[in-house]
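The values are calculated or read from the model by the stated rules, or taken from the named source; none is laboratory data. Model, not experiment: these values are computed from the prediction. We place every Cβ from the backbone using ideal geometry, glycine too, and count neighbours over all the protein chains shown. Note: accessible area is taken over every heavy atom of the protein model, side chains too, but ligands, DNA and RNA are not part of it. Shrake-Rupley method; radii C 1.70, N 1.55, O 1.52, S 1.80 Å.
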Amino acid sequence: MLARATAATPWGIDARPVQVEVDVHNGMPQVQIVGLADAAVRESRERVRAAIKNCGFDLPPKSVIINLAPADLRKEGNHLDLAIALAQLAAHDQIPLEVLDGRLLCGELGLDGAIRPVRGGLSIADLGRRLGVREVLLPAASAPEAASLGAVPVIAVRSLAEAIHHLLGAAPLPAVVAPPLAADAVGSVPDLSEVRGQETAKRALEVAAAGGHNLLFIGPPGSGKTMLARRLPGLLPPLTLAESIEVTKIHSLVAEEPPAGLLGRRPFRSPHTGISTAGLVGGGSSPRPGEASLAHNGVLFLDELPEFRRDTLEALRQPLEEGHVTVVRVRAHLQFPARFSLLAAMNPCPCGHLGDPRHDCRCPPPLVERYRSRISGPLLDRIDLHVEVPAVGLRELRGGPGEPTAAVAARVAMARHRQRERFGAAAPTPVNAAMGPEALRRHCAVDPAGRALLDRAFEKLGLSARALDRILKVARTLADLAGSDPIRAPHLAEAIQYRSLDRRIVE
């Protein structure tokens with residue numbers, strides 16, 4: 001007898017459908033799995049057999065062939081156990097064939113028949129929506145995440161026996177109610193008012209948040225670079241529903257435990273300087289998202305930027321330009337979304353005290369130049385704002401609290417609203433930093449005085465064409481914050497001031 005069940009396997013941040021076909025016939029008792037299955041899937045033969053037996057079913061000794069279609073799609077992970085078990089039971093005439101129709105079945109089986117969680121529950125539910133299934137059966141731990149999509153009924157099952165009773169109608173289970181935002185979505189974030197002094201750096205944070213710009217802080221140890229960086233997510237607008245779904249899909253693929261619902265807080269990722277290229281941008285033998293994708297729709301903070309490996313930093317050039325990471329393998333060509341705000345910090349020299357009036361710097365100029373050259377020019381060109389963060393004086397430390405995050409976030413929200421009106425709601429990323437050449441010409445025209453200022457800056461600072469475009473984009477954001485339609489000379493002058501590393505290089 002032939003039975004079919006529908007399951008899913010991860011594919012990037014999405015899921016691909018897998019048809020589990022089980023054929024049972026007389027012959028030498030054996031179970032064969034075909035269809036480009038990895039080791040974890042091939043080992044499911046023993047797990048499924050023990051789980052079926054421990055749930056009270058006794059399958060006769062026959063020859064069983066399990067085909068996982070399509071045959072050219074590599075099947076990985078623990079997602080197929082439940083579908084394989086139910087299809088075997090149907091092929092052995094233990095349950096009716098029709099109870100498997102119109103259902104998407106995913107879950108890992110324990111030897112006792114318990115159903116263990118799988119990664120990517122939200123992606124599986126989204127696949128169920130696209131396939132038009134009547135319901136999705138998932139492990140109880142993975143179901144709340146999947147139910148938060150609200151597009152298809154999700155049934156939480158704790159064991160193989162419970163799944164069978166539901167399918168037969170003996171003990172039907174209700175659909176899981178979509179949970180509220182996950183706990184990660186609520187709670188306080190560090191407030192900008194806690195930062196003493198550093199008005200220029202705070203202004204740069206506001207500009208970066210308003211226009212989606214990349215930002216580099218240069219300053220001595222203890223000047224507050226990390227403290228400032230951790231306050232950027234609080235300035236950004238809340239995640240939209242579509243953004244929250246994307247973020248949850250990505251984090252579900254790597255989380256030790258499935259999310260309890262949609263994630264509502266913008267990610268803030270701060271990897272260690274020793275991270276590998278695959279760890280930062282994704283990849284590996286079984287491709288998984290890296291820190292760049294985990295920071296999607298949020299902030300990627302690279303502290304001590306020159307201490308990262310050069311080839312690792314260069315791998316960021318694609319996501320910074322295109323908003324995604326492409327991973328190519330012999331049997332896979334995957335894209336992971338990676339549109340984030342890059343926030344980096346570095347010391348001005350190896351000892352960290354160049355320009356600090358309270359400490360002497362003994363780093364010779366060639367050593368300083370070698371230290372800074374660890375960051376390539378092409379990567380530096382992709383960072384819109386280079387801002388010096390000097391050491392904070394005693395008077396500033398003893399001063400009162402500064403402007404709170406809520407006040408700055410309100411100005412950021414107004415600037416973002418102007419950008420949405422300008423680029424339209426259909427734009428993938430309606431922020432100034434994402435403008436292409438055509439949008440740059442249309443929305444960043446300058447008057448003759450501004451053009452003369454740009455010409456002088458281009459010659460004096462030795463700017464590249466890309467750096468000049470970045471200045472125009474930042475000036476557009478400054479004009480939006482000021483509520484101005486045209487870009488004026490003061491906006492350009494302030495934008496040029498945010499290229500401090502370019503000035504240092506030519507000096």
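Points to keep in mind about this one:
- Here the Karplus relation 6.51 cos²θ - 1.76 cosθ + 1.60, evaluated at θ = phi - 60°, turns the backbone of region 339-354 into coupling constants of 9, 9, 8, 7, 10, 10, 9, 8, 7, x, 7, x, 7, x, 10, 5 Hz, with x for every Gly and Pro.
- Selection from 318, 149, 13, by position along the positive dipole direction of the chain (Cβ): 318
- P(r) tail fraction, region 388-507 - alpha-carbon pairs more than 22 Å apart, %: 45
- Coarse-grained scattering of region 4-46 at q = 0.21, 0.27, 0.30 Å⁻¹, given as base-10 log I(q)/I(0) from a Debye sum over alpha-carbon atoms: -0.84, -1.17, -1.25
- Dipole magnitude of region 357-481 about its Cα centre (Cβ charges: Lys, Arg +1; Asp, Glu -1), debye to nearest 20: 140
- Using distinct alpha-carbon pairs, which all enter the 1/r mean, Kirkwood radius of the chain in Å: 25.5
- Taking one quarter of the surface of the C-alpha convex hull of region 221-344 gives a mean projected area of 8.5 nm².
- Proximal lysine pairs, the chain, alpha carbons under 30 Å, eight or more residues apart or interchain: 10
- Here the alpha carbons of region 63-125 define both size measures, Rg and Dmax, at 12.5, 36 Å.
- Those Cys residues of the chain for which no other cysteine Cβ falls under 4.7 Å: 55, 106, 351, 361, 444
- Beta bridge orientation in the chain: antiparallel %, DSSP, nearest 5: 45
- Cβ-placed point charges (K, R +1; D, E -1), dipole of the chain about Cα centre in debye, nearest 20: 1020
- Cα gyration tensor shape of region 431-489, rounded if a/c is under 1.5, else prolate or oblate by comparing a/b with b/c: oblate
- Looking at region 91-135, the trypsin sites (Lys or Arg not before Pro) that sit in a DSSP loop and have at most 16 other Cβ atoms within 10 Å of their own Cβ are 134.
- Where a label projected 7 Å from the Cα of residue 97 along Cα→Cβ would reach, residues of region 2-17 with amide N under 12 Å: 2-5
- Note on region 28-132: Cα Rg divided by 2.2 N^0.38 Å, N the number of residues, gives 1.06.
- Shape call, region 228-267: gyration tensor on alpha carbons, a/c limit 1.5: oblate
- Per residue accessible area of region 77-175, 1.4 Å probe, in Å²: 33
- The trypsin sites (Lys or Arg not before Pro) found in region 351-422 that occupy coil by DSSP, while having at most 12 further C-beta atoms within 10 Å, are 358, 362, 398.
- Unit charges at the beta carbon, dipole of region 179-298: most positive-side option, 252, 292, 200: 200
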